[in-house]
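J.: Take this structure first; my questions come after.
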Amino acid sequence: MQVPASFDYQRAESVDEALELLRRYGEEARVVAGGHSLLPMMKLRLAAPEVLVDINDLHELDHIVLVGDELRVGALTRHRTLLESELVGRYFPIVHDAEKVIADPPVRNRGTIGGSLCQADPSEDLSAVCGALHAHAVIRGTDGERIVSM
Ligand SMILES: Cc1cc2nc3c(=O)[nH]c(=O)nc-3n(C[C@H](O)[C@H](O)[C@H](O)COP(=O)(O)OP(=O)(O)OC[C@H]3O[C@@H](n4cnc5c(N)ncnc54)[C@H](O)[C@@H]3O)c2cc1C
C-alpha cells in the first residue's frame, strides 16, 4: 500500500490567509487544489511537503468571466467547469478540445487549471493550450502581484 509521509493540514478561508500560511511555512508547504497530481506524488514519496494548504474553500478563485476582450479564469476553476463553459467554448474552443481528452470525469471533476499550470508537467494539456493562446498568468504572493506571459 502506498501512503504519504505524515504532514500537517491547514484549510485556508481566504486568499490572504493562504498566502500568509505559505509565507509562514515556506519551502515546507504546498498548496493542494484538486490533489490529482500532488497526492499521487506524495504517495510515491516523490513529494513530501510538511504542510498542505488546502485552497478548496477559496470560491473567489473559481470563476470564468469576460472582461472587455479578456477571458479571466480563476486558479481553482475545475476541468469540468472549463469543459462545460459556454463562454470558453465560444471564444476559445481549443480549451474544450483539450479538456475533452484530459483524463476521465473523476479527474476533471476535481482537477483545476491552477494545479495543472503549477504542476507544469511537460505532457500536460492546458499549459500547451495557454501557450498557444498567448495567455498570461496572474501570480500573487504576500509581496504583491505580477503578470507572467505563458
Ligand atoms: C489518472 C490521471 C490522468 C490524467 N490525465 C491527464 C491528461 O490526459 N492531460 C492532462 O493535461 N493532465 C492529466 N492529468 C493531470 C490532471 O489534469 C492534474 O492532476 C490536475 O489537473 C492538476 O490539478 P490539481 O488541482 O489536481 O492540482 P494539485 O494536485 O492539487 O496540485 C498540483 C501542483 O500545483 C500546485 N498548486 C495547485 N494549485 C495551486 C495554486 N492555486 N497556486 C499555487 N500552486 C498550486 C500544488 O502545490 C502542486 O504542486 C491526469 C491526472 C490523473 C490523476
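No value in this document is a laboratory result; all are computed from the given coordinates. None of these values were measured; they are calculated from a predicted model. Backbone-built Cβ (ideal geometry, glycine too); neighbour counts: all protein chains shown.
J.: Restricting to Cα pairs below 8 Å that are 6+ residues apart, what does the relative contact order work out to for the chain? Please round to a whole percent.
T.: Rounded, it is 21 percent for the chain.
J.: May I ask you to derive the FRET efficiency for Thr142 and Asp104 from their Cβ-Cβ distance with R0 = 30 Å, giving the value to the nearest 0.05?
T.: E between Thr142 and Asp104, to the nearest 0.05, is 0.25.
J.: Here's a follow-up. Using only Cα atoms, tell me the angle between helix 15-25 and the longest principal axis of the chain; keep it within 0 to 90° and round to the nearest 10.
T.: 40 degrees
J.: Counting only residues 5 or more places away or on other chains, whose amide H sits under 5 Å from the amide H of Asp54 once H atoms are built in the peptide plane?
T.: Placed amide hydrogens put Gln10, Arg11, Ala12, Val32 under 5 Å from Asp54.
J.: May I ask you to order 110-119, 135-144, 15-24 by the average number of other C-beta atoms within 10 Å around their residues, highest value first? Mind dumping the intermediate values first?
T.: Details: 110-119: 21.0, 135-144: 11.8, 15-24: 15.9.
Top of the packing list down: 110-119, 15-24, 135-144.
J.: I've got another one for you. Between Asp54 and Arg90, what length comes free when the chain is fully extended (0.36 nm per residue of separation minus the Cα-Cα distance, one decimal in nm)? Can you show the working numbers first?
T.: Values: separation 36, 0.36 × 36 = 12.96 nm, distance 3.20 nm.
Extending this stretch completely gives an extra 9.8 nm.
J.: Would you please put 36-44, 100-108 in order of how densely packed they are, using the mean number of other Cβ atoms within 10 angstrom per residue and starting with the highest?
T.: The most tightly packed comes first, giving 36-44, 100-108.
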